[in-house]
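Accompanying notes for the structure given below.
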Amino acid sequence: MKKGWREIPIAGMPWVPATEYKTGSWRSFKPVIDHGKCVKCLICWVYCPEGSVKWDGNKVSIDYEYCKGCGICAEECPVKAIEMLKEE
Amino acid sequence: MISQQVLGMNGDEAVAYAVKQCNVDVVAAYPITPQTIIVEKFSEYVANREVHTEFVPVESEHSALSACVGASATGARVFTSTAANGLALMHEIVYIAASLRLPIVMAVVNRALSGPINIHCDHSDSMAERDSSWIQIYTEDAQEAYDSVIQAFKIAENHEVLLPVMVTLDGFFISHTLQNVSVLPDKEVLSFIGERRVVPEIDVGGKKFKLKLDPVQPLTFGPLDLYDYYFEHKRQQVEAMKKAPKVIEKVSREYASLSGRSYGNGLVEPYKLEDAEVAVVCLGSTSGTAKYVVDDLRKRGLNVGCLRVRTFRPFPAADIKRNLTGKEVVGVLDRSISFGGLGGPVFTEIEALFSDETEKPKIINYVYGLGGRDMSPQLIEKVFMELNELKGKPLPKDTLRFSGLRE
């Protein structure tokens, strides 16, 4: 049963928070970081439109639960440390 | 009532001054005549650091309102202003702002839509947005423009309402005309509307979320809705509009006790209507002239009155009906026209109000003042005289008339 207008949040808001949408399943190519090449410039972190590039103060990593595989990080990486690999 | 400073300001300056006092976080606006002074004046306040506001000088009105939508979605208090073709360019985002339930306040300085190109006043710009789910308040003078901007934030941000508000002021007649404007002390304005906007909590997936963009509690704003839920979301907007009149009246009462100023009940303002047989209905600055003519004609023994519709959206149907019931002849003055329709937008709604009544006033539509054509006391007197002629006679065929038009 779909919900009535009194039962749903206002403002066109889905009744599931954004964190529940695991958009990682959309991916057909997966960014893989070569930490040997990475210079930690964080350009990938700035450019990622999904906030899926993580920085813990020491190392860059990808949050694969949400990364949609758009490849912007790989395109922007100045030292070509990110490779887009086809998902199995 | 507290003591107030009196400043010489035109309508645009009065709006900018009110915005300065409202602790607005973000203003994104693009200049367009006759609204430019608002943006100019406000950017002076920003340059002088009299406000903490982030001023975003965008490249178009479409961008202006888009920036406002983004800013408002984070929970900020947001203002913009525009006129005519600027508002038309915003059109797409006007609907989006309302559907996202963002309490943005926008001053619309009424100007004729092109073409042919014209910078002067009529209501074609804001009337084209009347179905967009924005509250619309039409002001009569610079003082009311100032007062209404302050009230608008309190109305828009009310959790029962959460709709954006347009405060309109007639281009040049109000925007560029100097007037003594009483202003409240800064701290009184802030204690009236609240220092910061308070966002509501909504239930998402069984958990409470603040309705705002926040990385700590991520929410999705503006997702694809389609036939699954779009209709239900529109019904919620209908409900918000239904709840708005009570809030507008309450804010109007509270503001009156603070400032000593009120405009009818906030929705409509009757003037010498009680015993009137003949009445005109109007919006905006024309009502000032109409009241002057009413006084003059009453001295000459004519039983006339005026009803100003201050809030056009939501349409104060019950208030208008109550005030016009029992009048013999009513002239509805429209400063815009719906081409191919029955007449102006104010007329068609008032006509519809009485459609199921057997005892109803004879209602005549006067379209006037398009493109800034002056509505002089003489023209309004002529309207009253024509209406007065209809007493005791059947409704004539020509219910759509043009006042001030050369044949």
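Values for this structure:
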| item | result |
| --- | --- |
| All-pairs Cα distance distribution in segment B:2-109, expressed in whole percent, bin size 5 Å | 2, 13, 25, 25, 19, 10, 4, 2, 0 |
| Packing-based exposure ordering (other Cβ within 10 Å, fewest first) of A:6, B:308, B:197, B:406 | B:406, A:6, B:197, B:308 |
| Of A:2/B:208; B:321/B:393; B:360/B:382; A:30/A:68; B:154/B:250, pairs whose Cα-Cα distance is over 18 Å | A:2/B:208; B:321/B:393; B:360/B:382 |
| Alpha-carbon centroid distance for the pair segment A:12-33 / segment B:365-385, whole angstrom | 60 |
| Ellipticity estimate at 222 nm from DSSP helix runs (n ≥ 4, -39,500 (n - 2.57)) divided over chain B, nearest 500 | -12000 deg cm²/dmol |
| CD proxy at 222 nm, helix term only [per DSSP H run n ≥ 4: -39500 (n - 2.57); per residue of chain A; nearest 500] | -2000 deg cm²/dmol |
| Cα-based Rg / Dmax (Å) for the protein assembly as shown | 26.4, 96 |
| Highest average packing first - B:101-111, B:339-349, B:384-394, B:363-373, Cβ atoms within 10 Å | B:101-111, B:363-373, B:339-349, B:384-394 |
| Rounded to 5, the percent of DSSP beta bridges in the protein assembly as shown classed as antiparallel | 35 |
| Span from the segment B:154-216 Cα centroid across to the segment B:112-153 one, whole angstrom | 17 |
| 4 °C / 1.567 mPa s Stokes-Einstein diffusion coefficient of chain B, Kirkwood radius on C-alpha pairs, µm²/s | 60 |
| Rh by Kirkwood over Cα pairs, then Stokes-Einstein D for segment A:38-88 at 1.306 mPa s and 10 °C, µm²/s | 142 |
| Other protein chain Cβ atoms within 10 Å, averaged over every residue that makes up B:224-234 | 3 |
| Cα lying deepest toward the dipole's positive end in the protein assembly as shown, options A:28, B:404, B:278, charges on Cβ | A:28 |
| Sequence ranges A:66-77, B:116-127, ranked by mean other-Cβ count within 10 angstrom, highest first | B:116-127, A:66-77 |
| Average beta-carbon neighbours from other chains, 10 Å sphere, peptide A:17-25 | 3 |
| Long pairs among B:272/B:391; A:54/B:212; A:54/B:20, criterion Cα-Cα beyond 30 Å | A:54/B:20 |
| Alpha-carbon gyration tensor eigenvalues x 5, square-rooted, for segment B:245-344, Å | 22, 19, 13 |
| Principal semi-axes in Å for segment B:284-407 [√(5λ), Cα gyration tensor, largest first] | 20, 18, 15 |
| Protection proxy ranking, peptides B:46-59, B:6-19, B:262-275, average beta carbon neighbours within 10 Å, highest first | B:6-19, B:262-275, B:46-59 |
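Each value in this text was obtained by applying a stated rule to the coordinates, not by laboratory testing. Values in this document were obtained by computation on a predicted structure and should not be read as measured data. Virtual Cβ from ideal backbone geometry, glycine too; neighbours counted across all protein chains shown.
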